[in-house]
Amino acid sequence: MDAANPILRRIYSMKGGADECREVYETWAATYERDTLEDMGYVGPAIAAETLASLLPENAVVLDAGCGTGLAGSELARRTEAVIDGVDISREMLSKAAQKGVYRTLGEADLTQPLAIDADSYDGVICVGVFTNGHVGPKALGEMARVAKPGAALVFTVHQDVWASGYAEQLERLAANGRIRVHRIIDAPYHEKEGYRCRLCIVEAA
Ligand SMILES: C[S@@+](CC[C@H](N)C(=O)[O-])C[C@H]1O[C@@H](n2cnc3c(N)ncnc32)[C@H](O)[C@@H]1O
């Protein structure tokens, strides 16, 4: 479906992979929060954080994958005492996230590539707004499962437009290989003012 919102139309038309994503977000970082939260009614970060918060153990260490300006990390910090690390491909987005003061570390990383993070590092992984048109594909779920400790919760959104592009199959593959257990996949609001919904996926690393 073509987005009515001109910013989303530009964002969702990306075809240039990680490099184009980086460029686009370097520019969008300045107005990203106003555009998404106020104009689009972006509720993905709050919903995903609420869900992950209910699943974390005490003293949890969490990875916010594709943390952007830190919306999900901030929502999580309001609800838990978790220590949060963030990674993103855009330096400008990361510099906005740093201003939130809720992250232990923030680093540049391309989620379409192997991550320079040890296996079994995190008690939880949150990834919001990243599995969407022109951004990161389902293959990245393997790395998120790898860096999560066995038993850790992975909570991520998949935009309604891209769900059919291999997410169910990738989750089935990872489950069949004993890497994850799929707990729940819920149809949830996403950009409320634009009418977009997402699949909110709740998975346990094995
Ligand atoms: C819609 S924003 C979501 C940011 C934040 N999680 C939120 O919910 O506000 C998508 C984010 O994914 C990041 N991104 C896009 N492609 C990426 C990649 N290949 N590796 C890491 N981050 C990427 C962008 O820089 C941007 O910050």
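Coordinate-derived values only; no laboratory data. Given the structure is predicted, the values throughout are model-derived calculations rather than measurements. All Cβ positions, glycine included, derive from the backbone under ideal geometry; neighbour counts span all protein chains shown.
The set of residues in segment 130-144 being part of a helix (DSSP H, G or I) and more than 9 Å from the ligand (Cβ to nearest atom) consists of Pro138, Lys139, Leu141, Gly142, Glu143, Met144.
Looking only at segment 145-187, filter to residues that are among the charged types (D, E, K, R) and part of a loop (DSSP other than H, G, I, E, B); which one of those is nearest to Val43 (Cα to Cα)?
Asp161
Rundown of residues vs (1) of a type outside the set (Val, Ile, Thr); (2) surrounded by 15 or more Cβ atoms within 10 Å (Cβ to Cβ); (3) closer than 23 Å to Pro138 by Cβ; (4) touching a residue at least 12 places away in the same chain (Cβ under 8 Å), yes/no style:
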site	(1), (2), (3), (4)
Ile11	no, yes, yes, yes
Val24	no, yes, yes, yes
Gly41	yes, yes, no, yes
Pro45	yes, yes, yes, yes
Leu56	yes, yes, no, yes
Val62	no, yes, yes, yes
Glu92	yes, yes, no, yes
Asp110	yes, yes, yes, yes
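Determine if segment 193-200 includes at least one residue that is in a strand (DSSP E or B) and farther than 30 Å from Asn59 by Cβ. So far as segment 193-200 goes, yes, one or more of its residues are in a strand (DSSP E or B) and farther than 30 Å from Asn59 by Cβ. Within segment 14-45, restricting attention to residues that are aliphatic (A, V, I, L, M) and in contact with a Lys or Arg (Cβ under 9 Å, 6 or more places away or on another chain), the residue that is farthest from the ligand (Cβ to nearest atom) is Ala30. Residues in segment 55-104 that are away from the ligand (no atom under 15 Å from the Cβ) and of a type outside the set (A, V, I, L, M): Pro57, Glu58, Asn59, Arg79, Thr80, Glu81, Gly101, Arg104. Within segment 111-162, the set of residues being under 17 Å from Leu8 (Cβ atoms) and not aliphatic (A, V, I, L, M) comprises Gly129, Phe131, Thr132, Asn133, Gly134, His135, Thr157, His159, Gln160, Asp161.
If the condition is being touching a Lys or Arg at 6+ places or on another chain (Cβ under 8 Å) and of a type outside the set (Val, Ile, Thr), then segment 147-165 contributes Gln160, Trp163.
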